[in-house]
Amino acid sequence: MGIISLFVAAVFTNNFILVQTLGICPFLGVSKKTESALGMGVAVTFVMVLASAITYAIFKWVLVTLDIAFMQTIVFIFVIAALVQMLEMVLKKVSPSLYSSLGVYLPLITTNCAILGVAVANLALASLLEAILNGLFCGIGFTLAIFLMSGIREKLDKVNVPKCFKGFPITLITACFMAMAFGVFA
Amino acid sequence: MMICFQDINWTTFGITVGIMIGIAVLLGVLIMVISRFFHVEKDARIDEIVNNLPKANCGACGYPGCEGFAKALIDGKANVDDCKVSKKENKTEIANILGQSFSGGEETVAVVACNGGNDCKDKYAYQGYGNCLNQEMLAGGRKACPVGCMGAGSCVDACPNVAIDVKGGVAVVDPDLCISCGICINTCPKKIIKRIPKSAKIYVACSTECKGKDVISVCKNGCISCGICERTCQHDAIHLVNNVPVVDYSKCTGCKECMVKCPKKVIKER
């Protein structure tokens, strides 16, 4: 698969949030402000790239070689959780500014299904490089979706919404329309 | 499908368990090593200071929570007095930890300096979305009085400790629940929520600087600047400034003479 088709698939036609309905929790939870939505997007992209590399390597060179590929889900969760934990500690020391800007979002995505989703989806790919690129593109797709959502929600805050739709219901309806819009790509 | 004991492939079982244990041990050791190498020294004073802060995490100081404020204190970016919520003895304690001297600001409480409510006329009927902040955008709110409480509850929404309630069209602060953080003071579009000492016995519940005649035309409970309070006070503690009485709490003895004499009952007991 060419890199361009990989990009288009990850960002538009197979967008993780809006088409595959993975990672809905941060999508609805952290999309109130554009700033925090972008922070979350960057954090997710970061972890996705790292997790793609590590899990793909472990799957191809450990699990497949030993013929225990059925353990993939457990091993992936395990590795990703530990990875994020380590990453947090390293960031705290090496780059306090990046640490404080990613802040609470980093531990939030430890066991996010979007991250695990990327790890599992990567298994169909041919090489480690493609897996890493796929992780990056999926992260970009995630950031795009959460960024668009936060923009819409900031506007929604100022609009007179009927009382029964105020807050969460209108957000879900918005997400539904966005998913339909992204469905056009597929 | 029934799985019997004999069906278990012991080699696969062994490899699986072995690999899982191997990965677990490897990751555990890695995390331990990293936490040793990348250990960040945390200032021990942060915890001590946080213990002396109210832990309300109200954010009124402008920092993310009490721990953020404690960090800012240690970095010298913030002042002990920036936290309006903590008690005097705690502030002194924090100042001791930081090696500063703390002269001590007085504990304060918020009051809404408006008495109008439903007795204050409306300019127009507001039929729209939201609270005072939204109303304010439309010709400065619906009240005819330029500093009248609209009673639409921006302060109620902003208060982190549910200390404010709208009663009879005017917001009222519950002094027992008020943590004196000052968020409502900054939120109110009319700027009529004031900070007074906790020991104060009385307060002036009107903010209008208009002339008496103009006040009577819009509000039954407004201060008409008659000056009776100023003449009544034997302690020189209350004066008309810009047509509205201002209490000097350092001189006020709490005799409540002015409160009794006020014809509009603008001076109220706290």
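Annotation note: Cβ proximity below 9 Å between a residue of the range A:154-169 that is within 10 Å of another protein chain (Cβ to nearest Cβ) and a residue that is outside any loop (DSSP other than H, G, I, E, B) and among the polar types (S, T, N, Q) (sequence gap 6+ or interchain) occurs for A:Lys158/B:Asn134.
Scanning the range B:99-131 for residues that are at pLDDT 85 or above and hydroxyl-bearing (Ser, Thr, Tyr) yields B:Tyr124, B:Tyr126. If you filter the range B:248-264 down to residues that are surrounded by 12 or more Cβ atoms within 10 Å (Cβ to Cβ) and closer than 19 Å to B:Gly212 by Cα, you find that the one that is nearest to the chain's Cα centre (by Cα) is B:Met259.
Keeping to the range B:46-68, report how many residues are under 12 Å from B:Lys84 (Cβ atoms) and either in contact with a Pro (Cβ under 6 Å, 6 or more places away or on another chain) or loosely packed, with under 15 Cβ neighbours inside 10 Å (or both). Final tally of qualifying residues: 2. Summed over the range A:96-113, residues that are more than 10 Å from chain B (Cβ to nearest Cβ) and surrounded by 14 or more Cβ atoms within 10 Å (Cβ to Cβ) total 11.
Looking only at helices (runs of 4 or more DSSP H) that lie completely in the range B:170-241, which have at least 3 residues being free of Cβ contacts under 8 Å to residues at least 12 places away in the same chain? Passing ranges, in order: B:212-218.
Where in the range B:1-89 are there helices (runs of 4 or more DSSP H), lying wholly inside it, with at least 2 residues that are closer than 26 Å to A:Val90 by Cα and in contact (Cβ under 8 Å) with a residue 60 or more places away in the chain?
Working: elements: B:10-37, B:44-52, B:65-74.
Passing ranges: none, list empty.
Looking only at the range A:106-130, residues that are of a type in the set (A, V, I, L, M, F, W, C), farther than 22 Å from A:Val90 by Cβ and in contact with a Ser or Thr (Cβ under 7 Å, 6 or more places away or on another chain) come to 0 in all. The residue of the range A:63-78 that is surrounded by the most Cβ atoms within 10 Å (Cβ to Cβ), among those that are in a helix (DSSP H, G or I) and more than 7 Å from every other protein chain (Cβ to nearest Cβ), is A:Phe76. Give the residue that is farthest from B:Asn186 (Cα to Cα), with candidates limited to residues of the range B:33-45 that are surrounded by fewer than 16 Cβ atoms within 10 Å (Cβ to Cβ) and either out of contact with any helix residue (DSSP H, G or I) (no Cβ under 9 Å at 6 or more places or on another chain) or more than 14 Å from every other protein chain (Cβ to nearest Cβ) (or both). Among residues in the range B:33-45 that are surrounded by fewer than 16 Cβ atoms within 10 Å (Cβ to Cβ) and either out of contact with any helix residue (DSSP H, G or I) (no Cβ under 9 Å at 6 or more places or on another chain) or more than 14 Å from every other protein chain (Cβ to nearest Cβ) (or both), the one farthest from B:Asn186 (Cα to Cα) is B:Val33. Would you mind stating whether A:Leu87 is within 12 Å of chain B (Cβ to nearest Cβ) and part of a loop (DSSP other than H, G, I, E, B)? So A:Leu87 fails the test. Candidates are the residues of the range B:128-158 that are part of a loop (DSSP other than H, G, I, E, B) and in contact with a strand residue (DSSP E or B) (Cβ under 7 Å, 6 or more places away or on another chain); the one that is farthest from B:Lys220 (Cα to Cα) is B:Gly153. A count restricted to the range B:19-32 and to residues that are at the interface with chain A (Cβ under 7 Å from one of its Cβ atoms) and farther than 18 Å from A:Leu66 by Cα stands at 3.
Of the residues contained in the range B:69-76, one or more are found to be at pLDDT below 80 and either over 30 Å from A:Val84 (Cα atoms) or touching a His at 6+ places or on another chain (Cβ under 8 Å) (or both). Screening A:Lys93 against (1) over 27 Å from A:Leu123 (Cβ atoms); (2) within 11 Å of chain B (Cβ to nearest Cβ); (3) in contact (Cβ under 8 Å) with a residue 40 or more places away in the chain; (4) not β-branched (Val, Ile, Thr) leaves a single unmet condition, (3). With respect to B:Asn134, determine if the residue is within 22 Å of the chain's Cα centre (by Cα) and either at pLDDT below 85 or within 14 Å of chain A (Cβ to nearest Cβ) (or both). So B:Asn134 fits the description; yes. Within the range A:126-133, is there a residue that is within 13 Å of chain B (Cβ to nearest Cβ), out of contact with any strand residue (DSSP E or B) (no Cβ under 8 Å at 6 or more places or on another chain), in contact (Cβ under 8 Å) with a residue 40 or more places away in the chain and surrounded by fewer than 16 Cβ atoms within 10 Å (Cβ to Cβ)? No - not one qualifying residue is present in the range A:126-133. Does the range A:46-53 contain any residue that is within 14 Å of B:Ile19 (Cβ to Cβ), assigned to a helix (DSSP H, G or I) and of a type in the set (Gly, Ala, Ser)? Within the range A:46-53, not a single residue is within 14 Å of B:Ile19 (Cβ to Cβ), assigned to a helix (DSSP H, G or I) and of a type in the set (Gly, Ala, Ser). The set of residues from the range A:1-21 being assigned to a loop (DSSP other than H, G, I, E, B) and buried (at least 22 other Cβ atoms within 10 Å of the Cβ) comprises A:Asn15, A:Phe16, A:Ile17, A:Leu18. In the range B:1-18, of all residues being more than 7 Å from every other protein chain (Cβ to nearest Cβ) and among the polar types (S, T, N, Q), the one that is surrounded by the fewest Cβ atoms within 10 Å (Cβ to Cβ) corresponds to B:Gln6.
Just to be sure, is B:Asn118 under 30 Å from B:Glu269 (Cβ atoms) and either assigned to a helix (DSSP H, G or I) or within 14 Å of another protein chain (Cβ to nearest Cβ) (or both)? Considered against the rule, which asks whether it is under 30 Å from B:Glu269 (Cβ atoms) and either assigned to a helix (DSSP H, G or I) or within 14 Å of another protein chain (Cβ to nearest Cβ) (or both), B:Asn118 comes out as yes.
The values are calculated or read from the model by the stated rules, or taken from the named source; none is laboratory data. These figures come from a predicted structure and were not determined experimentally. Positions of Cβ are generated from backbone atoms using ideal geometry, with glycine treated the same way; all protein chains shown enter the neighbour counts.
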